[in-house]
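The values are calculated or read from the model by the stated rules, or taken from the named source; none is laboratory data. Here the structure is a predicted model, which means the values were calculated and not measured. Backbone-built Cβ (ideal geometry, glycine too); neighbour counts: all protein chains shown.
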Amino acid sequence: MIHRYKNNGYNIVLDVNSGSVHVVDELVYRILPFVEDLMKEGRKDAGAVKEAVLDRIHSAWAGEEPVNAADEEISEAVEEILELEAEGLLFAPDIYENYVYDFKKRRTVVKALCLHIAHDCNLACKYCFAEEGEYHGRRALMSFEVGKKALDFLVANSGNRVNLEVDFFGGEPLMNWDVVKRLVEYGRSLEPAYNKKFRFTLTTNGVLLNEEILEFANKEMSNLVLSIDGRKQIHDRMRPFRGGQGSYDLIVPKFQRAAESREQLNYYVRGTFTRNNLDFSEDVLHLADLGFKQISVEPVVAPPEADYSIREEDLPKLKEEYDKLAAEMLRRKREGNGFQFFHFMIDLEGGPCVAKRLSGCGSGTEYLAVTPWGDLYPCHQFVGNEKFLMGNVEEGILREDIRDQFKCCNVYAKEKCRDCFARFYCSGGCAANAYNFHGDVNATYDVGCELERKRVECAIMLKAAEM
Amino acid sequence: MKHIKTLVTRNLKESMKKGGCGECQTSCQSACKTSCTVGNQRCEKAK
Ligand code: SF4
Ligand code: SF4
């Protein structure tokens with residue numbers, strides 16, 4: 001299976017199953033689908049393929065735009081295609097399906113926890129899935145005791161995995177900062193005895209961020225996620241204080257300081273776009289203009305009835321925005337003023353193995369969320385929905401049926417993903433989105449898919465442009 | 001090649017052989033918290 005597209009002046013061909021990426025001229029771009037058909041019919045003899053292609057160009061394509069190339073040129077192009085096919089870099093067969101015959105039998109370990117350190121918040125963001133930190137429930141702060149049990153649970157259920165990830169999340173985790181610090185200390189104390197390595201992440205809205213916190217975070221947190229949506233009017237509209245006034249002016253200088261203190265690495269300024277700012281590329285560029293080098297701005301996960309949720313009719317505009325952003329990023333990069341956009345980052349050379357690419361996002365299996373009182377949910381997006389309560393840090397996983405259901409959130413278990421060119425980059429999409437829109441964690445959420453495919457196309461284009 | 005330029009990529013088929021150690025980052029944990037993308041994760045062994 002190949003995926004062929006044009007973006008920013010490049011003709012790109014992705015060979016889905018081998019993961020190879022080719023930049024081709026117009027001639028090859030035109031004849032590839034036809035060669036693919038011939039391959040499918042099992043016609044691999046070079047002479048026969050060339051003849052069939054020439055035949056087709058001279059006759060059947062009469063109605064189409066003519067291919068302006070001499071016969072020798074066309075033969076040469078066909079030869080190049082066949083050479084890549086022989087090397088396994090074009091039309092590679094899908095050999096992976098057999099490896100993942102029974103997802104439910106797959107043994108999984110827990111290796112990442114999202115700790116809801118505080119179900120409370122000092123902002124009142126409009127789209128907050130945590131409902132201003134309250135998560136459909138009471139306000140609460142996680143006690144050190146509960147957090148400690150969570151870390152013990154993680155270590156005990158992580159098998160022989162060394163790297164464990166713990167995200168301090170909220171609400172707003174800085175509202176319970178003391179417990180965060182003690183948990184980091186406790187986690188570190190477990191490392192030598194159990195041969196584990198904790199990677200901590202702190203996600204914050206910045207309101208309480210200060211030098212002392214930053215110093216600790218720079219020492220202990222592998223990643224810092226700083227929530228900001230972009231332009232002042234956009235940010236302040238969606239991320240006000242409870243009294244209604246905006247938070248932009250307060251947090252921007254703090255975030256700039258944080259980014260500099262981390263030498264512009266291992267952090268993200270993280271924003272959400274909604275129907276209210278479909279021109280989100282402006283927000284990304286605004287963040288870049290503020291000096292941030294690691295930027296992530298992503299579509300909101302929201303129920304369809306929310307007035308700010310993204311709809312199908314917004315797709316053309318959003319796709320255009322991604323294209324625009326990619327082209328502008330390339331321009332800035334060439335000027336020596338580049339930045340990273342999380343969703344356009346793709347690692348073609350050192351990216352993950354197939355096993356990882358097939359296994360889905362990990363929610364409900366290797367990744368769990370922990371509430372302030374120690375309940376376990378498949379991920380932060382499901383917290384508070386009792387149907388997905390899986391157990392607690394004391395007794396562990398009590399609902400294996402839920403875990404088994406989440407094991408099926410991957411590209412070979414989902415009908416639509418099987419034929420999707422993005423399947424090895426996307427890994428099957430977000431279960432929470434699927435649930436919000438279709439009431440089924442194993443469904444695919446079409447609007448999300450369209451955007452994901454566009455992002456993969458842009459990301460690959462940016463790589464092709466580096467060549 | 002005259003008509004085709006190929007980017008250096010990790011061969012997915014080859015990665016079947018040695019992959020699956022599970023040490024790499026959990027997708028949602030990395031930054032986004034709303035969407036699953038694995039193409040940008042780095043293999044721990046490729047470091
Ligand atoms: S974009 Fe959609 S269809 Fe394609 S792999 Fe991802 S979830 Fe599946
Ligand atoms: S279900 Fe969605 S939000 Fe939850 S871990 Fe997976 S990708 Fe992330």
Requested in this report: Hand me the list of strands (runs of 3 or more DSSP E) wholly inside segment A:147-239 holding 2 or more residues that are in contact (Cβ under 8 Å) with a residue 24 or more places away in the chain, under 22 Å from residue A:262 (Cα atoms) and among the polar types (S, T, N, Q).
Outcome: A:197-204, A:221-227
Query raised in the report: Has segment A:337-347 got any residue that is surrounded by 16 or more Cβ atoms within 10 Å (Cβ to Cβ) and acidic (Asp, Glu)?
Result: yes
Report task. Looking only at segment A:299-349, count how many residues are touching a Gly at 6+ places or on another chain (Cβ under 6 Å) and without any contact (Cβ under 8 Å) to a residue 12 or more places away in the chain. Result -> 0
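Being farther than 19 Å from residue A:303 by Cα and hydroxyl-bearing (Ser, Thr, Tyr) narrows it down to one of A:425, A:435, so name that one.
When all the criteria are applied, what remains is A:425.
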Requested in this report: Filter the helices (runs of 4 or more DSSP H) completely within segment A:318-429 down to those with at least 3 residues that are more than 9 Å from chain B (Cβ to nearest Cβ) and within 16 Å of ligand 1 (Cβ to nearest atom).
Outcome: A:415-418
Query - Filtered residue count, segment A:294-309, keeping only those that are surrounded by 18 or more Cβ atoms within 10 Å (Cβ to Cβ) and assigned to a loop (DSSP other than H, G, I, E, B) - result: 4
Query raised in the report: Yes or no: residue A:457 farther than 25 Å from residue A:305 by Cβ, within 9 Å of chain B (Cβ to nearest Cβ) and acidic (Asp, Glu)?
Result: no
Query raised in the report: Being of a type in the set (S, T, N, Q), assigned to a loop (DSSP other than H, G, I, E, B) and without any contact (Cβ under 8 Å) to a residue 24 or more places away in the chain, is that true of even one residue in segment A:49-64?
Result: yes
Query raised in the report: Quick one: what pairs do we get from segment A:381-393, first residue at pLDDT 90 or above, second within 16 Å of ligand 1 (Cβ to nearest atom) and in a helix (DSSP H, G or I), C-beta under 8 Å, 6+ apart or different chains?
Result: A:382/A:432; A:382/A:435
Query raised in the report: When the residues of segment A:231-248 are filtered to those that are in contact with a Phe, Trp or Tyr (Cβ under 7 Å, 6 or more places away or on another chain), of a type outside the set (A, V, I, L, M) and crowded, with 17+ Cβ neighbours inside 10 Å, which remaining residue is farthest from residue A:272 (Cα to Cα)?
Result: A:247
Query raised in the report: Among the residues of segment A:430-445 satisfying the criterion of being in a loop (DSSP other than H, G, I, E, B) and within 13 Å of ligand 2 (Cβ to nearest atom), which is nearest to residue A:381 (Cα to Cα)?
Result: A:430
Query raised in the report: Does segment A:456-464 include one or more residues that are touching a strand residue (DSSP E or B) at 6+ places or on another chain (Cβ under 8 Å), more than 8 Å from ligand 1 (Cβ to nearest atom) and of a type outside the set (A, V, I, L, M, F, W, C)?
Result: yes
